[in-house]
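Each value in this text was obtained by applying a stated rule to the coordinates, not by laboratory testing. Predicted model, so just to flag it, every value in this text is computed and none were measured. Cβ coordinates were reconstructed from backbone atoms using ideal geometry, including for glycine residues, and neighbour counts include every protein chain displayed.
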Amino acid sequence: MIHYSTEVASAKKNGSPIVALESTIISHGLPRPKNLAVALEVEEIVRSEGAAPATIAIIEGEIHVGLEANELERVANEEDFVKASIRDLAILATKRKSAATTVAATSHIAHLAGIEFFATGGLGGVHRGASESWDESADLLALANTPVLVVCAGVKSILDISATLERLETLSVPLIGYKTSKFPGFYLQDSGYSIEHRVDTPREIADIWRTRIGLGVEKSGVVVANPTPTPMELGLHERLLNEGLAQTKARGIIGKEVTPFLLEFFHLNSGGESLRVNVEIIKSNSRLAAQIAAAAR
Ligand code: PSU
Ligand code: MN
């Protein structure tokens, strides 16, 4: 069922470290043509740390783990790549459709492919107003049920951060701050919420990952929160957030369109700032995920 890139196939054969990368960031999270350049750069960063990059996507119904250059280009440039979560996989595969995978779907496929480490930008979570809309990302349940370690920069403040942290607790998903005790807010280093467990080296994270197995808690994922090295200015962030949320409401944007709409709103209205921070986050998370994968060997 799975097509591996040459590079990922050979890493699997040699037992060398592999890092899964999601494709929704590329097709729905970043504007063209920057998206392709960033995707290529991120893969290079993973390689520079001694791991093989496995960008995951669905192309004409085939599940791809690791993309060849022309395939990555298709994900970045073609309009007909839908945003796929776990529930869409069998339908898209049967209908021979193309799709980018969310954190939930990427973790799911990574696990099928025997890959344990995954880098993304921000997690999905509980949306503001979820007590009425019931909008909670499938990422949370996937993290609870999928043994994949995800490195992220926390969640965006477009979400209800407090509710998201509560749900992670209820779902028993371990949460680790990398060199921080503050839960990062994607564009911001500190969302205003704290993290109980701080860890300072990739080695220690790899040890935690392995220790789960002896304790019978190896069925869930682990979230590593890695704050952005270069945060957005607070005032600009506040302004964009309020305007973006108001626009979402005014235009009646709902369901899976909410996250891409807000991301695009930030990119169009921040004079390049949100894009700059977003790119730094993906790079820094990919590097850390590769370091953890290498340390876990
Ligand atoms: N958060 C970001 N950037 C993103 C996403 C989330 O900061 O690109 C994407 C990820 O693919 C994530 C998905 O899994 O959005 C969550 O979407 P939803 O809220 O519809 O579950
Ligand atoms: Mn949703």
Determine the shape class of the chain: with a ≥ b ≥ c the square roots of the Cα gyration tensor eigenvalues, call it rounded for a/c under 1.5, and otherwise prolate if a/b is greater than b/c, oblate otherwise. rounded
So, by mean Cβ neighbours within 10 angstrom, what's the order for 73-79, 233-239 with the highest one leading? 73-79, 233-239
GNM of the chain, Cα pairs under 10 angstrom: of Arg287, Arg198, Arg212, the biggest fluctuation goes to Arg212
Between Lys256, Lys95, Lys182, where does the largest GNM mean-square fluctuation fall for the chain, given springs only between Cα atoms within less than 10 Å? Lys95
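In the structure displayed, which of Lys12/Lys95; Lys34/Lys249; Lys34/Lys256; Lys156/Lys182; Lys156/Lys256 lie more than 20 Å apart, Cα to Cα? Can you show the working numbers first?
Details: Lys12/Lys95 29 Å; Lys34/Lys249 28 Å; Lys34/Lys256 23 Å; Lys156/Lys182 14 Å; Lys156/Lys256 15 Å.
Distance filter (> 20 Å) returns Lys12/Lys95; Lys34/Lys249; Lys34/Lys256.
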What do you get for Rg/Rh over region 60-179 if you use C-alpha atoms and the Kirkwood form of Rh? 0.98
Run the quick spin-label model on Glu280 and Glu62: label points 7 Å from Cα toward the beta carbon, then report their separation in nm to one decimal. 3.9
Inter-label distance, nm, simple model (7 Å from Cα along the C-beta direction), Asp190/Thr170: 2.9
Mind giving me the nanometre distance, one decimal, between the label points for Gln247 and Asn14, set 7 Å out from Cα along Cα→Cβ? 4.5
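Could you work out how much longer the chain between Arg212 and Asp80 gets when fully extended? Use 0.36 nm per residue separation minus the Cα distance between them, nm to one decimal.
Working: separation 132, 0.36 × 132 = 47.52 nm, distance 3.98 nm.
Net length gain for the segment: 43.5 nm.
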Cβ-Cβ cut-off under 13 Å around Ala54, Lys and Arg +1, Asp and Glu -1: the net charge is -4
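Rounded to the nearest whole Å³, what is the per residue volume of the convex hull around the Cα atoms of region 152-281? Don't skip to the answer; put the middle values down first.
Values: hull volume 14.7 nm³, N = 130.
Roughly 113 Å³ of hull volume per residue.
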In terms of the charge dipole of the chain, which places +1 on Lys and Arg and -1 on Asp and Glu at the beta carbon, the residue among Leu241, Leu175, Ala293 farthest towards the positive end is Ala293
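So how much slack lies between Arg198 and Leu112, counting 0.36 nm per residue of separation and subtracting their Cα-Cα distance, in nm?
Working: separation 86, 0.36 × 86 = 30.96 nm, distance 2.95 nm.
Going from the current span to full extension adds 28.0 nm.
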